[in-house]
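For reference, the structure discussed in these notes is given below.
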Amino acid sequence: MSDSTGTCSVCLNNFPETDLINHNDQQICPNCKEVYFQRIREGLQGHDKSILHYASIGRRFVATMIDGVILWVV
């Protein structure tokens with residue numbers, strides 16, 4: 001009986017399917033498990049980096065005003 005292999009989403013190495021865990025459609029090897037879940041706890045994993053959330057016009061205006069006050073004081 002041959003063991004099928006899968007690729008770890010973190011280190012990209014091949015491992016037997018029985019050694020990998022599945023989380024959010026990603027396969028994680030035992031070596032990378034701690035690093036992967038630490039990144040999730042820190043909020044660094046699982047976010048799509050290509051999606052940008054721009055500030056609204058109001059927030060940009062307030063930021064410009066704050067910058068103006070800081071520069072005026074300096």
Diffing the range 28-33: the Karplus 3J(HN,Hα) column from phi (6.51, -1.76, 1.60, θ = phi - 60°), in whole Hz with x for Gly and Pro, holds 10, 7, x, 5, 9, 4
Counting sequence-distant residues (5 or more places) and residues on other chains, those with an amide H built under 5 Å from that of Gly6 are Phe15, Glu17
Counting only residues 5 or more places away or on other chains, whose amide H sits under 5 Å from the amide H of His23 once H atoms are built in the peptide plane? Ile28
Along the Cα→Cβ direction, 7 angstrom out, place labels at Asp25 and Cys11. What is the inter-label distance in nm? 2.5 nm
Per-residue HN-Hα couplings for the range 55-62 [Karplus 6.51, -1.76, 1.60; θ = phi - 60°; Hz; x = Gly/Pro]: 6, 6, 4, x, 5, 5, 5, 4
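Every number in this text was worked out from the coordinates using simple rules, so none of it is lab data. The model shown is predicted, which means the values in this text are computed figures rather than measured ones. Every residue, glycine among them, receives a Cβ derived from its backbone with ideal geometry; neighbour counts consider all protein chains shown.
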